[in-house]
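Below you will find the structure I want to go over with you.
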Amino acid sequence: MSPHLRYGLLCTSLCLAASLATVIATGTTTQISSSFSALSSMPLTAPPTPIATSVVRTSSTSASSVSGVSFPSVGSIPKDFSPAGLQRLWDVVGPVEPPPFTTTRIPKTPIALPSAPPPLYPSWFAPAPADILTNLTLPKGFFFGVATAAYQVEGAAKSEGKGPTMWDWNSRQPNGVADNTTGKISLWSHRWKELRLMIPVWDIVDLQYFLYKEDVARVAALGVNAHSFSISWARIFPFGTADSPVNQEALKHYSDLIDYHIAAGVAPVATLFHWDTPLALQAYYGGFTSPKIVDDFVNYAKTVFKAYNGRVKTWYTFNEPRVYCGQIAGYPFNISFAPGVNSSTAPYQCSYNVLRAHAGAVKAFREMGIQGEIAFKNDDFVGIPWRANNTDDMQAVERHAAFRLGAFSNPIYTTGDWPEIMTDTLPPSFLPRFTAQDKKDIKGTADFFAIDSYRTQYIMAPPDGLAACVSNPSHPLWPECNTPVLFDSNAGWAAGISPDPASDSWLQATPNFLRQSLRDIQTRWPTKKMYISEFGFVEPFEELRTELFRITEDVARTSEILLAIHEDKLPIAGIFAWAMVDNAEWSSGTSAKFGIQYVNYTTLERQYKRSALSLCKDLSER
């Protein structure tokens, strides 16, 4: 969930500090990489990676250190598919903490649910979700699911032949993760304060790689009927490339995981790529900033399709590609671009390559006769003009829609090409142009529309006017030339409920805008089926709660989805809560708590939160 991980002012400070340190150390000038820039406008499913201000680097710089960041020069590591070659890749990452156990744990079933939590407010003031709109039901076959991503929950970073990913590397870089954790959460957490700066935390995290049966059984007990998870490319192909060996142990692991889901009555929904690029591909040629990645991704996709055909019926190629492509343009990933790419052009070169890789994978899916449906997971929102009837703000909404949702939705759902606003603004040196064949290949490569719907916000034109920004590439808001705003223009009232401060820069609970947001999507990119592929919230200060009973968040947004289905006639076929469990939220580390289950990172024990019980009771009874 997932490519901006939101942590606002801290993120900005870290990014500025990193850039300033580079200027002092190397004399390199900095510039605003505004492609996917302004932090406040880099929303998603967890806090943004520091990309607002970034050093413009090309991969020709010999590798090594930007503000303490270290990565080999792109192309300097030769292909070597031996165990020694794999270890050389892991040496780029550094020491890895092994998991506390390495066998799949079998849960005791059935899972006993706790008693229902008592109401927090009188029913006349805040009815329970299950007591709202009781005459409305969900469509037959509706997915009520939960979502996760491999890197954020699996742990077992180096187990069973897995290759390193760029997030294994990033989490060990200075300020790569806001709370200095790394997907690894140590079991000796009583000493963690002393050790967390020495050893990262995402190597273990939820250890779902070995605890997936327990996690599936726990959500099945709630009435959840689907789980959207991602497959780790670096597990299936430790070296990433089409000419490298397949890791049969990883193929078997995911096969067993899929079978267990089906046996438990939880439909497996699989994402091929959720931001965890194999480090090998970044080292060989610059990852998604190079066109070489297209064939390697398609080969990976074909391998996975063939292995799980008939068992996985709903597929995603990419999770939130716009966010991912913005993420890799900034610190610390901006040390590993393909030749000729810099931090200003990287988001667009990446987007171009992702779209071609997506199209190639979907073409293979259809030619192979794979059962089921396929699309990708989009993010963001169209937006609401901050000042009603203000021409600049209305045009700013159009720019926001084009650069955010439209960058991938226009090519795939409507035209086969970038939105005109993008091509009118960006020269080919920034935004590669599609050939006629590209357009033909890309258009129509989705069977449904999936949106990670976390919030909808107001959009404002630049304070000095839209025209002044659009005509000036040096403008700090160019090329998007708009800013999301968290409050209305009348009296400064908040657009929605504020989250934990770690997510303040991008996240608000805005259920009042949800139906309009979904209608906007269906109007612009009409489809016969929609999934809300992620939704969620971070309760303020949950990270500081040491007693579980104090976590009182309650998810009561499902009534708007019911009305969108019944009154707006939107073809919503499923919703997926982010997340199944608390997890490693990218650049925010483990501080941002999106899970409907609490995880004790000392014991790895899971406990249901109030949101799990109230949300699931509502949906499972419809």
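Any chance you could count how many residues in the range 515-540 are part of a loop (DSSP other than H, G, I, E, B) and either closer than 30 Å to Tyr598 by Cβ or touching a Cys at 6+ places or on another chain (Cβ under 9 Å) (or both)?
Qualifying residue count, the range 515-540: 5.
Shifting gears a bit: So Val216 ticks every box in (1) surrounded by fewer than 19 Cβ atoms within 10 Å (Cβ to Cβ); (2) at pLDDT 95 or above but one. Which box is left unticked?
So Val216 meets the others, but not (1).
Another question, then. Between a residue in the range 130-157 that is at positive phi and any residue that is at pLDDT 95 or above and of a type in the set (Lys, Arg), which pairs come within a Cβ distance under 8 Å, given they are 6 or more apart or on different chains?
Ala156/Lys162
Restricting to the range 461-482, what's the tally of residues that are touching a helix residue (DSSP H, G or I) at 6+ places or on another chain (Cβ under 6 Å) and buried (at least 19 other Cβ atoms within 10 Å of the Cβ)?
Summing the residues that are touching a helix residue (DSSP H, G or I) at 6+ places or on another chain (Cβ under 6 Å) and buried (at least 19 other Cβ atoms within 10 Å of the Cβ) in the range 461-482 gives 9.
Let me ask something else. Only one of these conditions is not met by Ala329: (1) closer than 22 Å to Trp478 by Cβ; (2) touching a Lys or Arg at 6+ places or on another chain (Cβ under 8 Å); (3) open to solvent by less than 10 Å² (accessible area, probe 1.4 Å). Which number is it?
(2)
Follow-up. Go through the residues of the range 601-611 one by one and say whether even a single one is touching a Phe, Trp or Tyr at 6+ places or on another chain (Cβ under 6 Å) and open to solvent by 10 Å² or more (accessible area, probe 1.4 Å).
Yes, the range 601-611 contains a residue that is touching a Phe, Trp or Tyr at 6+ places or on another chain (Cβ under 6 Å) and open to solvent by 10 Å² or more (accessible area, probe 1.4 Å).
Lys162 is checked against (1) touching a Lys or Arg at 6+ places or on another chain (Cβ under 9 Å); (2) under 26 Å from Ala220 (Cβ atoms) and fails just one. What number does that condition carry?
(2)
I'd like to know if the range 556-563 contains one or more residues that are open to solvent by 10 Å² or more (accessible area, probe 1.4 Å) and under 22 Å from Val397 (Cβ atoms).
So far as the range 556-563 goes, yes, one or more of its residues are open to solvent by 10 Å² or more (accessible area, probe 1.4 Å) and under 22 Å from Val397 (Cβ atoms).
Residue check: is Ser489 among the hydroxyl-bearing types (Ser, Thr, Tyr) and either buried (at least 20 other Cβ atoms within 10 Å of the Cβ) or more than 21 Å from the chain's Cα centre (by Cα) (or both)?
yes
Suppose we keep only residues that are in a loop (DSSP other than H, G, I, E, B) and open to solvent by 20 Å² or more (accessible area, probe 1.4 Å) within the range 564-577. Which one would you say is nearest to Glu534 (Cα to Cα)?
Pro571
Mind telling me which of the residues Ile421, Ile442 ends up being more than 30 Å from Phe305 (Cβ to Cβ) and surrounded by 21 or more Cβ atoms within 10 Å (Cβ to Cβ)?
Going through Ile421, Ile442 in turn, the sole match is Ile421.
Answer yes or no as to whether Phe430 is within 17 Å of Cys325 (Cβ to Cβ) and open to solvent by 50 Å² or more (accessible area, probe 1.4 Å).
So Phe430 fits the description; yes.
So which residues in the range 286-298 are surrounded by fewer than 20 Cβ atoms within 10 Å (Cβ to Cβ) and either assigned to a helix (DSSP H, G or I) or at pLDDT below 95 (or both)?
Matches in the range 286-298: Asp295 only.
Mind listing whichever residues of the range 350-402 are among the β-branched types (Val, Ile, Thr), open to solvent by 10 Å² or more (accessible area, probe 1.4 Å) and in contact with a Phe, Trp or Tyr (Cβ under 8 Å, 6 or more places away or on another chain)?
Those that are among the β-branched types (Val, Ile, Thr), open to solvent by 10 Å² or more (accessible area, probe 1.4 Å) and in contact with a Phe, Trp or Tyr (Cβ under 8 Å, 6 or more places away or on another chain): Ile370, Ile384.
A further question follows. What number of residues within the range 362-396 satisfy the criterion of being in a helix (DSSP H, G or I), in contact with a strand residue (DSSP E or B) (Cβ under 8 Å, 6 or more places away or on another chain) and closer than 27 Å to Thr523 by Cα?
4
All but one of (1) modelled with pLDDT of 95 or more; (2) open to solvent by less than 70 Å² (accessible area, probe 1.4 Å); (3) not polar (S, T, N, Q) hold for Arg88; which doesn't?
It fails just one condition, (2).
Can you tell me which residues in the range 518-546 are among the β-branched types (Val, Ile, Thr) and surrounded by fewer than 15 Cβ atoms within 10 Å (Cβ to Cβ)?
Thr523, Thr546
Let me ask something else about it. Among the residues of the range 129-151, count how many are touching a helix residue (DSSP H, G or I) at 6+ places or on another chain (Cβ under 9 Å), open to solvent by 50 Å² or more (accessible area, probe 1.4 Å) and small (Gly, Ala, Ser).
0
Looking at Glu560, is it within 24 Å of the chain's Cα centre (by Cα), part of a helix (DSSP H, G or I) and within 21 Å of Tyr458 (Cα to Cα)?
Taking the combined requirement at face value, the residue satisfies it.
Checking Leu89 against (1) within 26 Å of Gly286 (Cβ to Cβ); (2) part of a loop (DSSP other than H, G, I, E, B); (3) not charged (D, E, K, R): exactly one of these is not met. Which one?
Failed condition: (2).
Here is a further query. Determine if the range 430-438 includes at least one residue that is assigned to a helix (DSSP H, G or I), more than 22 Å from the chain's Cα centre (by Cα) and of a type in the set (A, V, I, L, M, F, W, C).
yes
Turning to a different aspect of this structure: Name the residue that is most open to solvent (accessible area, probe 1.4 Å), counting only residues in the range 445-460 that are assigned to a loop (DSSP other than H, G, I, E, B) and either out of contact with any Gly (no Cβ under 8 Å at 6 or more places or on another chain) or over 29 Å from Met530 (Cβ atoms) (or both).
Among residues in the range 445-460 that are assigned to a loop (DSSP other than H, G, I, E, B) and either out of contact with any Gly (no Cβ under 8 Å at 6 or more places or on another chain) or over 29 Å from Met530 (Cβ atoms) (or both), the one most open to solvent (accessible area, probe 1.4 Å) is Asp447.
A further question follows. Taking the range 244-276, which residues are open to solvent by less than 20 Å² (accessible area, probe 1.4 Å) and at positive phi?
Trp275
The values are calculated or read from the model by the stated rules, or taken from the named source; none is laboratory data. Values in this document were obtained by computation on a predicted structure and should not be read as measured data. Cβ sites come from the backbone with ideal geometry, for glycine too, and all protein chains shown count toward neighbours. Heads up: the accessible areas ignore ligands, DNA and RNA and are worked out on the full protein's heavy atoms, side chains in. Shrake-Rupley method; radii C 1.70, N 1.55, O 1.52, S 1.80 Å.
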